[in-house]
1. For residue 190 and residue 241, what does the FRET efficiency come to when R0 = 35 Å and r is the distance between their Cβ atoms, rounded to the nearest 0.05?
2. Mind checking the full-extension length gain between residue 212 and residue 75? Use 0.36 nm per residue of separation minus the Cα-Cα distance, one decimal, nm.
3. Kindly state, to the nearest 0.05, the FRET efficiency for residue 59 paired with residue 174, given R0 = 30 Å and r defined as their beta-carbon distance.
4. What order, most packed first, do the peptides 50-60, 121-131 have when packing is the mean number of other Cβ atoms within 10 Å of each residue?
5. Could you compute the FRET efficiency for residue 87 and residue 234, with r as their C-beta to C-beta distance and R0 at 45 Å, rounded to 0.05?
6. Over the Cα atoms, compute the radius of gyration (one decimal) and Dmax (the largest Cα-Cα distance, rounded to a whole number) for the stretch 1-70, in Å.
7. For a quick protection proxy, order the peptides 31-39, 172-180 by their average other-Cβ count within 10 Å, most packed first.
8. Taking 0.36 nm per residue of sequence separation and subtracting the Cα-Cα distance, how much length would be gained by fully extending the chain between residue 287 and residue 120, in nm to one decimal?
């Protein structure tokens, strides 16, 4: 988008229809004064093909404000400081991003073989925010191309961190599915009762019934466990959120308590041992002082030291 004069009303504006998710550029059908905005005091409206009157695209409104404040450096010192900001670039992260954008062009054709651009043609298109006309001009689905790129980058660099965001969302959706299945089981009941039927010789499907002791007609039912039990159990086991993996089984809980108690006992024993060692060192210092005093009063040692002194 070319920079425009923000001090006068625009002759061509970018509009966006929030319902159709379509962006287009055209002359405004209606211009209103907007004194609340000191930067560009005009609002623009245009009718879309769907019949809805749409306002100027928010991103273009933001550009108008940015252009007004974006003067840039003018002094030699400011220009030099701006040039210095380029030192150290591209960073490793920026280099990876550049390679990511380069890979995107090469993978478009490969992605198109699986997900060609087909606006509103896939189930996930209902939540997609990409403009439909722009999506239609692309060789492949933009969202799926990004999905392909992340996986290619992760495998080429052997770095699974690139996929953490995708699989975090996937795991969250999986846990939400498990919770929904559990709620369904609780709502329906843990067992499903269905009438027992049979086919007679004429090919008619009949319900098995019998007469009780009071002569009332009773229906025989087949009682089965809820069909969601098995898939929920498999999901819980495979995702590692069962009691064994969480350390919450009755057997593991006492073992953990024993280990915690043992650790506390070990800490207490170490503290007592340290106190005993300090006391022993203090007693040893006292004993050494008493030994030196006793040695100074020993007559044999005093006589020997005198003889050595006389010979010297």
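1. 0.95
2. 39.0 nm
3. Working: r = 35 Å, r/R0 = 1.16.
FRET efficiency, residue 59 to residue 174: 0.30.
4. Ranked by mean Cβ neighbours within 10 Å, highest first: 50-60, 121-131.
5. On the way: r = 56 Å, r/R0 = 1.23.
Once rounded, the FRET efficiency stands at 0.20.
6. 11.9, 37
7. Top of the packing list down: 172-180, 31-39.
8. 50.8 nm is the gain from fully extending residue 287 to residue 120.
Every number here is computed from the coordinates shown, using simple stated rules; none is lab data. Note that the structure is a prediction, hence the values are computed from the model and not measured. When we count neighbours, we look across all protein chains shown, and the Cβ atoms used for this are built from the backbone with ideal geometry, even at glycine.
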